[in-house]
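**Q** If you scroll down you'll find the structure; I have some questions about it.
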Amino acid sequence: MIRVSPLPVRTLTGAVFGAAVEVAAIVAALALYPSGFGEGRERRGPGSWPVAPSDGAVALPALSTDSPILLVHGLCSNRAIFHIMRRGLRQAGFRRVAVLNYNWLNNDVRGAARLLADQVERVCEDSGHERVHVIGHSLGGVVARYYAQRMGGDARVHTLVTLGAPHTGTLAAALPLPVRAIRQLRPGSDLLAELAEPAPGCGTRFVAFHSDLDELIVPAANARLVHPDLRIRNVPVRAVGHVSLPMHARVVGEVCRVLHDAHDAEPLAAA
């Protein structure tokens, strides 16, 4: 007779709490979604946006830098998903934060990557910097990776942070939906096969956040980035759902620390 050990109470409690936070994050994302259309400026200020709770207070590192950061959203989303992330980055001292707002219904990964390339050039021209940091959530992480790895974008992207990006695909993309970008996220797709090809000399530093409670990346480990030619750091996150990732205080704080460390180790050059 095989005996199955029960889950530790702490693990079960964390999963339940994380699931509740994910539901709250989905509700918040839906409420904020209309504000993400167009290129209008977002309102800011203490308490402007609901923050997904964390398992403890997160102190954001103090930082004063002009290093530009570009955010890339994913499927069923727009720039509104980054309200919390933008506020956290600004509180951490990053004053130049922009968002690529693209139509995921009309653009596949390669098309969105071309839009990202244009946006990066504009950010570099406006800021006077030669390189940027990029943060990509979900599909946005794959778009940014394609740009950096396959389009020569590593000359512009210093550090790419991905949040719940299906680097080796997700079984959730097997749903019969007529959206090319979704089909490209199926394990074994031609797009993912291209990303698995050699990438010698790619200069971008990759940091991939992956959560054990990510309900849209199936299996959840597929949000880890593994490639022999890339400089990669995989960051495990416990009990944070897919939509919660860019809103969660603990994740936002860690992303700020990652970029703070990247800036200290290898500052971005100004033109």
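**Q** Out of all the residues in region 78-114, which are of a type in the set (Lys, Arg), free of Cβ contacts under 8 Å to residues at least 40 places away in the same chain and farther than 22 Å from Cys256 by Cα?
**A** Listed by number, the list holds a single entry, Arg114.
**Q** Would you pick out the residues in region 133-164 that are among the aliphatic types (A, V, I, L, M) and free of Cβ contacts under 8 Å to residues at least 60 places away in the same chain?
**A** Scanning region 133-164 gives Val142, Ala148, Met151, Ala155, Val157, Leu160.
**Q** Among the residues of region 115-125, is any closer than 24 Å to Leu230 by Cα, of a type in the set (A, V, I, L, M) and without any contact (Cβ under 8 Å) to a residue 40 or more places away in the chain?
**A** Looking through region 115-125, at least one residue is closer than 24 Å to Leu230 by Cα, of a type in the set (A, V, I, L, M) and without any contact (Cβ under 8 Å) to a residue 40 or more places away in the chain.
**Q** Could you check Leu191 against (1) at pLDDT 95 or above; (2) surrounded by fewer than 16 Cβ atoms within 10 Å (Cβ to Cβ); (3) over 23 Å from His260 (Cα atoms) and say which number it fails?
**A** (2)
**Q** Sticking with this one: With surrounded by fewer than 22 Cβ atoms within 10 Å (Cβ to Cβ), among the basic types (Lys, Arg) and modelled with pLDDT of 95 or more as the only criterion, which of Arg131, Arg114 stands out?
**A** Answer to the check: Arg114.
**Q** Go through region 166-219 and give me each residue that's under 20 Å from Gly152 (Cβ atoms), in a loop (DSSP other than H, G, I, E, B) and either free of Cβ contacts under 8 Å to residues at least 12 places away in the same chain or not polar (S, T, N, Q) (or both).
**A** Listed by number, the residues that qualify are His167, Ala196, Glu197, Pro198, Ala199, Pro200, Gly201, Cys202, Gly203.
**Q** Just a yes or no: is a residue in region 224-240 assigned to a helix (DSSP H, G or I) and either at pLDDT 95 or above or within 17 Å of Thr168 (Cα to Cα) (or both)?
**A** no
**Q** Return the residue satisfying two criteria in turn: it lies in region 144-171 and is buried (at least 18 other Cβ atoms within 10 Å of the Cβ) and hydrophobic (A, V, I, L, M, F, W, C), and of such residues it is nearest to the chain's Cα centre (by Cα).
**A** The qualifying residue nearest to the chain's Cα centre (by Cα) is Leu163.
**Q** Would you tally the residues in region 171-185 being of a type outside the set (A, V, I, L, M, F, W, C) and farther than 15 Å from Val109 by Cα?
**A** Count: 1.
**Q** Would you say Asp190 is under 18 Å from the mean Cα position of the chain (by Cα) and charged (D, E, K, R)?
**A** Criteria not met by Asp190.
**Q** Follow-up question, since we're still on this one. So, Glu197, is that one under 17 Å from Val109 (Cβ atoms), among the charged types (D, E, K, R) and more than 14 Å from the chain's Cα centre (by Cα) or not?
**A** So Glu197 fits the description; yes.
The values are calculated or read from the model by the stated rules, or taken from the named source; none is laboratory data. Everything quoted here is computed from the prediction, not taken from an experiment. No Cβ is skipped: glycine too gets one built from the backbone with ideal geometry, and neighbour counts run over all protein chains shown.
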